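Worksheet for the structure shown next.
The values are calculated or read from the model by the stated rules, or taken from the named source; none is laboratory data. All values reported here derive from a predicted model rather than from experimental measurement. Cβ: placed from backbone, ideal geometry, glycine included. Neighbour counts: every protein chain shown. Heads up: the accessible areas ignore ligands, DNA and RNA and are worked out on the full protein's heavy atoms, side chains in. Shrake-Rupley method; radii C 1.70, N 1.55, O 1.52, S 1.80 Å.
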Amino acid sequence: MSDNAQTIEREEMDALWARYCKHRDIDQRNEIVLQYAWLVKRIVLRFRGRSSNYIQLDDLINNGMIALIDAVEKFDPKLGNKFETFASIKIRGAAIDCMRAQ
């Protein structure tokens, strides 16, 4: 799944998504966010060279994490889409918006 040490097995992740979709529990949402935090770092680091002169990397990461939380809350696994793709679009958009705001 990723190089992140916190990554859990696919079956456990699917079960976590199922529980979150059923109960919408904040703790389960936060666990999902932690499992996908690597995605924010990977996407934001792509912007580092273009934005290093006028924006802090931490600002891009913070905006990316907010976008990741939003993606988890809006994602519907029943549609059959891949979460990584859905979240990547939202994270990339947040990074671009952050750079534009600067």
Between helix 10-23 and the chain: long-axis angle, C-alpha atoms, 0 to 90°, nearest 10: 80 degrees
Sequence-distant residues sharing a close amide H with Ile55 (under 5 Å, placed H): none
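What part of the accessible area of the chain, given as a whole %, is carbon or sulfur when the probe is 1.4 angstrom?
Solvent-exposed carbon and sulfur of the chain make up 48 percent of the total.
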Cross-link partners of Lys78 among lysines (Cα-Cα below 24 Å; sequence separation of 8 or more within a chain): Lys22, Lys90
Accessible area of the chain divided out per residue, in Å², using a probe of 1.4 angstrom: 64 Å²
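Once you keep just the Cα pairs under 8 angstrom separated by 6 or more residues, what percentage relative contact order results for the chain?
Values: 84 pairs, mean separation 29.5, N = 102.
Computed value for the chain: 29 percent relative contact order.
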Degrees separating the helix 26-51 axis from the principal Cα axis of the chain, which is the longest one: 30 degrees
List Cys21, Cys98, ordered by accessible area with a 1.4 Å probe, largest first: Cys21, Cys98
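List the trypsin sites (Lys or Arg not before Pro) within the stretch 34-102 that DSSP assigns to loop and that have no more than 11 neighbouring Cβ atoms inside 10 Å. Mind dumping the intermediate values first?
Values: sites: Lys41, Arg42, Arg46, Arg48, Arg50, Lys74, Lys78, Lys82, Lys90, Arg92, Arg100; in loops: Lys82.
Filter output for the stretch 34-102: Lys82.
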Most mobile of Asp27, Asp59, Asp70 in a GNM of the chain (Cα contacts under 10 Å): Asp27
Simple label model, 7 Å out from Cα along Cβ direction - Arg46 to Asp59, nm: 2.1 nm
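Report the Stokes-Einstein translational diffusion coefficient (µm² s⁻¹, integer) for the chain, Rh taken as the Kirkwood radius over Cα pairs, at 25 °C with viscosity 0.890 mPa s. Working shown, then result.
Working: Rh = 14.2 Å.
Rounded, D is 173 µm²/s.
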